[in-house]
1. FRET efficiency for residue 262 and residue 198, Cβ-Cβ distance as r, R0 = 51 Å, nearest 0.05?
2. For the Cα atoms of the chain, what angle does the longest principal axis make with the long axis of helix 333-342, in degrees from 0 to 90, nearest 10?
3. Please tell me the relative contact order of the chain in percent, rounded to the nearest whole number, where contacts are Cα pairs under 8 Å and at least six residues apart.
4. Does segment 101-219 classify as rounded, prolate or oblate by the C-alpha gyration tensor (a ≥ b ≥ c root eigenvalues; a/c under 1.5 gives rounded; else a/b over b/c gives prolate, otherwise oblate)?
5. Given the peptides 133-141, 233-241, 33-41, 120-128, arrange them by the average over their residues of other C-beta atoms within 10 Å, most packed first.
6. Taking a probe of 1.4 Å, how large is the accessible area per residue of segment 231-342, in Å²?
7. Suppose every Lys and Arg Cβ carries +1 and every Asp and Glu Cβ carries -1, with no other charges. What dipole size does the chain come out with about its Cα centre, to the nearest 20 debye?
8. Averaged per residue, what accessible surface does segment 120-210 expose to a 1.4 Å probe, in Å²?
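The values are calculated or read from the model by the stated rules, or taken from the named source; none is laboratory data. Quick caveat, the model's predicted, so the values are computed rather than measured. Positions of Cβ are generated from backbone atoms using ideal geometry, with glycine treated the same way; all protein chains shown enter the neighbour counts. Only protein heavy atoms, including side chains, enter the accessible area calculation; ligands, DNA and RNA are left aside. Shrake-Rupley method; radii C 1.70, N 1.55, O 1.52, S 1.80 Å.
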Amino acid sequence: MKAVELFCGIGGFRLACDELGIETVFANDIEEKASQVYRDKFSDNGFYQGDIAEFIGKIPDHDLLTGGFPCQPFSSAGKKLGIEDARGTLFEKIVEIINLKKPKYFVLENVKRLLSMDKGAHFATILNSLSDLGYLVEWRVLNAINFGLPQSRERVIIIGHLHTLPQSYLCSEEDLRELSTKQLENAATYDDWVDISLHTKSFSNWGMAYKGKFFHKKIVNFSEKQPYVMLYEVLDEQPDDAFYFNEDTLERIKNSDEVNRFYNGVEILYNQKGGARMGYSIFGTNGVAPTLTCTTSRHYERYKVHNGFRRLTNVEYARIQGFPDNHCDTATVYKQYPLYGNAVPPPMVKWAINKTINETPVLLQSLHI
Ligand SMILES: C[S@@+](CC[C@H](N)C(=O)[O-])C[C@H]1O[C@@H](n2cnc3c(N)ncnc32)[C@H](O)[C@@H]1O
């Protein structure tokens, strides 16, 4: 099986594909540092640095297309409902490539907010464009915390099967038991699906779409979750002194209000006075990390580790995202944070890819498309 990795960054999808024995035949990113890491850890072969628009002609045939595409709002989303609405965006490039190469499967990743932006208009555009190409699209919000990673990181995963019914779903049979018999029947009957253009609000955390129609429902249970891993289990053994805070910061920390509670699995010990934002909190290590982003850590994140106060190290960032400790070592410590913060956790997408290409018994057998 051959894969193409768009917007590859430091290769979150690539690591997952390597582990599954799927060969990556093309990868692309525009950013210099990410490209350096990708070339260093994988290979120059099939890797192209630059704007994706310039390399579409170089993309070889493949079975699986992956990509964590940058989230850009569509200026006219929901107006015409189709690829027209996505004109001029990077998502349009994905659609162009899928249309040109017609891979059997795709697995895309984005922020959860995509489901609710502009009352779902953006996601409607995405569903319409992808399902119009002949793919049965399924999406589900996944959280890194369920994949053995000490991080609360919710992302929407969007998968597609070309003109075939999937053999397994992102929602297991057990998870779907949350639906009533009637709802399950609706899910499995294409005629009962709703026109995507009739959507009026945010999309639920799980759903399916095909040829302009969709079905969605909120599913709470995630029966396939792996045992939780907490931050104290992935701490760097001997962090450099540079990661610890200076006297000034310590003085301010002393003036903080004690909180001592968990929020979404994150242990919040203190809130600094004058700033209620999470960014000014001091976290503990008995919980998980809040979502790593490309801007956090260096300035705002403060952790109480044993008796010291410090920020997380680059190695801890790698572990929290599910990468090898030295994955970004071609970049300076400071530059590694945004690279990891932008990445997709490989264990999470490995699970999603495996589901997408898996050959297990069909659940919604009566879904006729
Ligand atoms: C959300 S990140 C994806 C990270 C990746 N999944 C990973 O595991 O590291 C989006 C990526 O798209 C890249 N990008 C943005 N505009 C691009 C363009 N026009 N052509 C190619 N890549 C682009 C960015 O440099 C960034 O690395």
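1. 0.80
2. The two axes meet at around 30 degrees.
3. Relative contact order for the chain comes out at 18 percent.
4. rounded
5. 120-128, 133-141, 33-41, 233-241
6. Solvent-accessible surface per residue comes out at 51 Å².
7. In debye, rounded to 20, the chain gives about 920.
8. 32 Å²
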